[in-house]
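Working notes, beginning with the structure itself.
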Amino acid sequence: MAITPYDEAPAARRLVELGDDVVLLPGLVDTHVHVNEPGRTEWEGFATATRAAAAGGVTTIIDMPLNSIPPTIDVDALAMKRAAAQGQCYVDVGFWGGAVPSNLGRLRPLYDAGVFGFKCFLLHSGVDEFPALDGAGMRAALTELADFDGLLIVHAEDAHTIEAAPKPDGTRYADFLASRPRSAEQIAIAAVIAGVRETGARAHVLHLADADALDLLTAARSAGNRVSVETCPHYLSFTAEEIHDGATEFKCCPPIREAENRERLWGGLRSGDIDCIVSDHSPSTPALKRQDTGDFGAAWGGISSLQLALPAVWTGARERGLSLADVVGWMAEAPAALAGLSRKGRIALGYDADFAVFAPEETFVVDPAQLQHRHSLTPYAGRRLSGIVAQSWLRGRETGAQPIGQLLTRGDA
């Protein structure tokens, strides 16, 4: 392998020349993907999810431990998930483990089996087989993980705050937004920070929607606490003001907030207070989104955006004077660093030859029929986005008809 000056191409069996209208990016790394196989493959599966990833310039994903049955909370469940994924993956796939009440004190075997860290919820996860941790449980998990420097990734919304909030039943988006108040994120994030401070462990806050919480995180990091944070394309693309009543395709938790909040999330990315952008691809069957009734209380909360994440973020970034280099930092280099993927996220010697060929000046209107996800329902339907992924390459091979992805193990990736 070599990286040479533009006019000194090395001898090779095949020469691929790119046009002047495209740029070569490192393959993106998405560390927040719900594949749901085995057990809920009618929602999504490894073949469809990884085809969608490749179509969107994402060459590595890390699968979340819940929504599959069984959830990835012990070594046997991890083996079942790896067996389900084997031979189906069009990009590289790694796995998060789960931290739930029943496996506290027994996280190390799952870590040694190769998961990249452990996810927990601080409120009901949406599926009964993956129960939440209370405050004491989260501290117990952090204490255990501190012994071997494992990473806890946290869905940070406070259960008590949401239990006391108005119920979200009905078609009004304003009512759904009121049911997941900003304070729920702030209280939960403060608890995560306190746990990190007390134990010396590492933690990562998932899918930040509330920009008000950034001050908490910035202060914690300035004090030396090892806590990082991500946000997602939908929080950077949409605003509460534009979501019509009954438009349950926009439902996600925590929710999409107001326009001024969106701009402050972009500001957090610009300042470095938000580390990375990942999709939180959380699909379900269309029936579970309850578009028949438009009832936000009954609808599944999740947005499918794995294939669209790069153009969605690039559209917003260029409108704000940010560069493709910024986007690559947030969507390739930083997520790879989060998961400890030492050969992913950069074009450099010693790294895998994972690439996305991207036409940044081209635009397209999202046609759900062209998406590779198992189900095409998306809030991006009809939206004009900038940037088209022309090709994806995985370890020097163009992705395409054959599933060439590998299953990744922490420490070997």
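Coordinate-derived values only; no laboratory data. The structure presented is a predicted model; accordingly, all values stated were derived computationally and were not measured. Please note: Cβ atoms are built from the backbone with ideal geometry, for glycine as well, and neighbour counts cover all protein chains shown.
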field: For a label point 7 Å along the Cα-to-beta-carbon line of ARG270, residues of the range 305-319 with backbone N under 16 Å
entry: 314-319
- prompt: Can you tell which of LEU208, LEU15, LEU28 shows the greatest fluctuation in a Gaussian network model of the chain with Cα springs below 10 Å?
  reply: LEU15
Part-to-part distance (alpha-carbon centres) for the range 323-391 and the range 148-173, which is given in Å: 28 Å
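What Kirkwood hydrodynamic radius do you get for the range 113-196 when you take the inverse of the mean 1/r over all pairs of distinct Cα atoms, in Å? It would help to have the intermediate numbers written out before the result.
Values: mean 1/r = 0.0716 Å⁻¹.
Hydrodynamic radius (Kirkwood, Cα pairs) of the range 113-196 is 14.0 Å.
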query: List the lysines whose alpha-carbon lies under 27 Å from that of LYS344, not counting same-chain residues fewer than 8 positions away?
result: LYS81, LYS119
message: Show me, for the range 100-111, the HN-Hα J-couplings you get by feeding each phi into the Karplus relation (A = 6.51, B = -1.76, C = 1.60, θ = phi - 60°), rounded to Hz, glycine and proline as x.
response: 10, x, 6, 10, 4, x, 9, 7, 4, x, 5, 4
message: So, R0 is 45 Å and r is the distance between the beta-carbons of ALA164 and ALA401; what FRET efficiency does that work out to, to 0.05?
response: 0.30
query: Can you give the extra length, in nm with one decimal, that the chain gains between ALA190 and GLU242 once fully stretched, where that is 0.36 nm per residue apart less the Cα-Cα distance?
result: 15.7 nm
message: Need one word for the range 23-398: rounded, prolate or oblate. Basis is the Cα gyration tensor (sqrt eigenvalues a ≥ b ≥ c); a/c below 1.5 gives rounded, then a/b vs b/c decides.
response: rounded
- prompt: Under a plain spin-label model, where a point goes 7 Å from the Cα along Cα-to-Cβ, how far apart in nm are ALA348 and THR409?
  reply: 2.6 nm
task: Kindly state, to the nearest 0.05, the FRET efficiency for GLU129 paired with ARG226, given R0 = 22 Å and r defined as their beta-carbon distance.
output: 0.15
message: Rounded, prolate or oblate for the range 1-78? Axes are the square roots of the Cα gyration tensor eigenvalues, ordered a ≥ b ≥ c, and the cut-off for rounded is a/c under 1.5.
response: prolate
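How high is the relative contact order of the range 23-398? Use alpha-carbon pairs under 8 Å, at least six apart in sequence, and give a whole percent. Provide the component values of the computation, followed by the final result.
Numbers: 865 pairs, mean separation 77.8, N = 376.
Rounded, it is 21 percent for the range 23-398.
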statement: Dividing the helical contributions, -39500 (n - 2.57) per DSSP H run of n ≥ 4, by the residues of the chain yields a 222 nm value, nearest 500 deg cm²/dmol, of -8000 deg cm²/dmol
- request: Determine, from the Cβ-Cβ distance of ASP212 and ARG14 and an R0 of 60 Å, the FRET efficiency 1/(1 + (r/R0)^6), rounded to the nearest 0.05.
  value: 0.70
- request: For GLY94, list long-range residues whose amide hydrogen, built 1.01 Å from N in the peptide plane, is under 5 Å from its own amide hydrogen.
  value: ILE61, ILE62, ASP63, LEU408
